[in-house]
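The values are calculated or read from the model by the stated rules, or taken from the named source; none is laboratory data. Because the structure is a prediction, the values reported are computed rather than measured. A quick note on method: Cβ atoms are made from the backbone with ideal geometry, for glycine too, and the neighbour counts reach across all protein chains shown.
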Ligand SMILES: [Zn+2]
């Protein structure tokens, strides 16, 4: 194997799913392909989350003599504090009629969350551009928040482009002049999983903010 492919196989390995034991955990944050009897899966490992999603099934019935894989979601950082979501709602309201952005980041060493406000490069009622903030060592982006001013919360095609490569939760707050409407999705390397609802403790906190 040439050196370039050797590096590639180290940084993004493909691994057989064993038949008689659990697959060995990844040694470091990153991604790998799992080849299983029931398809090819993408495994994503970050200190705050581990995800396994099926990329594809096989095209015809043949015996692939490997173990089975299942889709998995393990939110290792635990519940995301509602007060930080409420804090972002306050920032979004103060920015009206413009949009605002912030990151909820998690420190893998201390286990603490904090809100990092995003300094926009340009912003207006219908767009927001910002520099990605520098995080401290050991900190990870967990929730990428932005607001849609007085419009409703949804994911636009611009949001799809922005979220294409990240592993994060994406949160949009709309109707920021009253109890905000909310859109939330999990972004996993080009896969978007819209969440049917938002955590109950977020709902309570956002309703409290609007008074
Ligand atoms: Zn948006």
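Only one residue in 188, 196 is modelled with pLDDT under 90, in the same structural domain as residue 90 (by TED's automatic domain parsing), away from the ligand (no atom under 16 Å from the Cβ) and farther than 18 Å from residue 115 by Cβ, so which one is that?
Of the residues listed, the single one that is modelled with pLDDT under 90, in the same structural domain as residue 90 (by TED's automatic domain parsing), away from the ligand (no atom under 16 Å from the Cβ) and farther than 18 Å from residue 115 by Cβ is 196.
Just to be sure before I move on: is residue 103 under 17 Å from the mean Cα position of the chain (by Cα), crowded, with 18+ Cβ neighbours inside 10 Å and in the same structural domain as residue 176 (by TED's automatic domain parsing) in the structure I sent?
Numbers: under 17 Å from the mean Cα position of the chain (by Cα): yes; crowded, with 18+ Cβ neighbours inside 10 Å: yes; in the same structural domain as residue 176 (by TED's automatic domain parsing): yes.
Yes.
Against the definition (buried (at least 19 other Cβ atoms within 10 Å of the Cβ), within 16 Å of the ligand (Cβ to nearest atom), in the same structural domain as residue 92 (by TED's automatic domain parsing) and modelled with pLDDT of 95 or more), how does residue 171 come out, yes or no? Explain how you work it out, then say what you get.
On the way: buried (at least 19 other Cβ atoms within 10 Å of the Cβ): yes; within 16 Å of the ligand (Cβ to nearest atom): yes; in the same structural domain as residue 92 (by TED's automatic domain parsing): yes; modelled with pLDDT of 95 or more: yes.
Here the answer is yes, as residue 171 does meet what is asked.
Out of (1) within 21 Å of residue 76 (Cβ to Cβ); (2) surrounded by 14 or more Cβ atoms within 10 Å (Cβ to Cβ), what's the single condition that is false for residue 118?
So the condition that residue 118 fails would be (1).
Taking residue 183 as meeting all but one of (1) under 18 Å from residue 82 (Cβ atoms); (2) touching a residue at least 24 places away in the same chain (Cβ under 8 Å); (3) away from the ligand (no atom under 12 Å from the Cβ), write down the number of the exception.
(3)
Starting from segment 142-167, take each residue that is at positive phi and list its partners that are more than 8 Å from the ligand (Cβ to nearest atom), counting only C-beta distances under 7 angstrom and pairs at least six apart or across chains.
Here the result reads 149/96; 149/97; 149/98; 149/125; 149/176, each pair linking segment 142-167 to a residue that is more than 8 Å from the ligand (Cβ to nearest atom).
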